[in-house]
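See structure below.
The values are calculated or read from the model by the stated rules, or taken from the named source; none is laboratory data. Fair warning: this is a prediction, and the values are worked out from it, not measured in the lab. All Cβ positions, glycine included, derive from the backbone under ideal geometry; neighbour counts span all protein chains shown. Just so you know, the surface numbers come from the protein's heavy atoms only, side chains and all, with ligands and any DNA or RNA stripped out. Shrake-Rupley method; radii C 1.70, N 1.55, O 1.52, S 1.80 Å.
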Amino acid sequence: MTETHVVSALRAKRAEISGHIYDLEKKIGRLRASLLHVDASIRLFSPEANPDTIPMKRTYRRTRYFAARELPRRCLDALREANGTQMTGTQIATIAMLAKGMSAEDDALRAVIIERTLAVLGNLRKSGTVIKTGTTRDAQWALAPSLL
């Protein structure tokens, strides 16, 4: 027994997805053409240069789970509440999620937030705000002694 409304909804979804794919393929074509022009310009000004050896730059996409600078603030708040006790990135991420009102039971969301938290902690470490003990994913993090 065919459910016409189900088939109709699936056809509409397929049309939507194929439209997105078409638009992205057009965009890829335009970007490839632009890349060829830039490569030709590089060769024009520096004939010995090989543009293929230039490493690609990874694009940054901010997650929309936290507002701008909110996750670093929440990480620092969690470390301040710890009063000098070291915590793992997973513990800090869980505290930040719960403070934001997110469910820590959603494994996919939790994995994304842990990755972002570790990136934020790495940046805070570079600025001297936090210290890291250990080298694995379960490294311990704490506020820098000057901030306690």
- Query: Does Lys57 qualify as being at pLDDT 95 or above and open to solvent by 100 Å² or more (accessible area, probe 1.4 Å)?
  - Reply: no
- Residue hits (the stretch 10-20; open to solvent by less than 90 Å² (accessible area, probe 1.4 Å) and hydrophobic (A, V, I, L, M, F, W, C)) are Ala12, Ala15, Ile17
- Message: One residue is enough: does the stretch 22-37 have a residue meeting the conditions touching a residue at least 24 places away in the same chain (Cβ under 8 Å) and among the β-branched types (Val, Ile, Thr)?
- Response: no
- Message: Could you go through the stretch 66-87 and let me know if any residue there is out of contact with any Gly (no Cβ under 7 Å at 6 or more places or on another chain), modelled with pLDDT of 95 or more and of a type in the set (Val, Ile, Thr).
- Response: no
- Of the residues in the stretch 21-33, how many are open to solvent by less than 100 Å² (accessible area, probe 1.4 Å) and either farther than 30 Å from Met56 by Cβ or not acidic (Asp, Glu) (or both)? 5
- Would you confirm whether any residue within the stretch 27-40 is of a type in the set (S, T, N, Q) and in a helix (DSSP H, G or I)? yes
- Query: Among all residue pairs at least 6 apart or on different chains, which show Cβ distances below 9 Å where the first residue, located in the stretch 110-123, is without any contact (Cβ under 8 Å) to a residue 60 or more places away in the chain and within 16 Å of Gln140 (Cβ to Cβ) and the second is open to solvent by 50 Å² or more (accessible area, probe 1.4 Å) and not in a helix (DSSP H, G or I)?
  - Reply: Ile114/Arg137; Leu118/Arg137; Leu121/Lys132; Gly122/Lys132
